[in-house]
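Below is one structure, written out as structure tokens; the observations come after it.
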Amino acid sequence: MEISSIESYKQENDKCPECGGKIIENSFEKICKECGLVINNFFRESAFIFNDLKNNNSLNKQYVALGERTDFIGGLGSFIDYEKSKYLKDKNGKLLPPGDQKLFRRLKKNYAQFLRIKNHETEYRVFNILNKITLYLNLNKNIRNNAAYYYKKIIKSEEKIINNISLIAFCIFFAARKEYHNAPITINEISNGFQNFGHRVNPRLILRDGIRYKCHLNDDTTPHKSEDYLIRLIDEIIKHQFLKERLMKKEVLWSESDFQNKLIMKCREILKELPLWQRGGRNPFILTGAIIYLADKLLAKDYDQKTILTQKIISEATKIAEYSIRDHYVNLLKPMFMS
């Protein structure tokens, strides 16, 4: 290929196929500077070289340990091939001689799981439970890793742990509060998750461990407010199986999404008029359920129509007891907003 044709080929590849803009490299992608189209992905070479196939010198090798994960207990170094592989190969991909096959199979068998977790059996079992619970509760990896970090920090500071299972449950709750995302979880939901897997963990044990071990953690979190639970609880109510039937029965012309938006806006108006000192230290999760019940009544009054939600529907959707919703509505919200 001539020099001019090579240069024209490079210039064509450096242009965006959509708009003809200039292509730039950003992190591990090639993107168009003008329209932002991702042209291609590319992978940079690692700083660590595991082995060099071109160099047959046995002294020129560099093997790197994979490091220790926060939420995992394992041995040092690398594993020998895959877990269930029968025939072992060398670095060039060739099968080992029969004598070496026998040797490395024996080494692989001896380096079993019980040897990798020796003296860390409790932590291994706890972190297995942690992974199951975080998947069950749909928590992100940050909460899982932080919970494992808090657990390790506490067991290093405490000589004796009363119950490791309830301790990791408290660590999950503490990590979720630290994360402070849009849908915080409650102690009851965490305990129900553990009970679903057969562990006898209840809210009282989680609170006990929180009081006992919280001194080892840097607690600079702020308590959750009803505003934090609003979107999540309204979403659960909208997904209730009888809500669509209620909308048709009450002859309301709103769709489910319209009702959801109006409910959110009305609840936010109520929360603005309800300062923290008037909430009186009430449970923000339960108070949010009562506020949603009140918002539905105010919407019916504003639009001159019948109420859609009942205390039973809210209770079934949010897992809040009906008497708790009724108590918060009658004693706190009704005198302020329905008089």
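Quick look at the values:
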quantity: Cross-link table 84/132; 225/306; 141/178; 266/334, entries beyond 21 Å C-alpha to C-alpha; calculated: 84/132; 225/306
quantity: Modelled FRET efficiency - R0 51 Å, residue 118 with residue 322, Cβ distances, 0.05 increments; calculated: 0.45
quantity: Net length gained if the chain between residue 160 and residue 330 were fully extended (0.36 nm per residue, minus Cα distance); calculated: 56.5 nm
quantity: Distance in nm between pseudo-label sites at residue 128 and residue 101 (7 Å out along the Cβ direction from Cα); calculated: 3.2
quantity: Tensor-based shape of the range 167-219 (alpha-carbon gyration tensor, a/c under 1.5 rounded, otherwise prolate or oblate); calculated: oblate
quantity: Residue 197/residue 238 FRET efficiency (R0 22 Å; Cβ-Cβ; nearest 0.05); calculated: 0.15
quantity: At R0 = 35 Å, FRET efficiency that the Cβ-Cβ distance of residue 225 and residue 153 yields, to 0.05; calculated: 0.80
quantity: Segment residue 84-residue 300, length gained on full extension (0.36 nm per residue, minus Cα span); calculated: 71.3 nm
quantity: Kirkwood hydrodynamic radius over Cα pairs of the range 172-263, then Stokes diffusion coefficient at 25 °C and 0.890 mPa s, in µm²/s; calculated: 153
quantity: Segments 315-323, 140-148 sorted - mean Cβ within 10 Å per residue, highest first; calculated: 140-148, 315-323
quantity: Most to least packed among 153-161, 288-296, 226-234, 87-95 [average Cβ atoms within 10 Å]; calculated: 288-296, 226-234, 153-161, 87-95
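Computed from the coordinates by the stated procedures, all read-outs in this text should not be read as laboratory data. Since this is a predicted model, take the numbers as computed values, not measurements. Ideal geometry is used to build each Cβ from the backbone, glycine not excepted, and the neighbour counts take in all protein chains shown.
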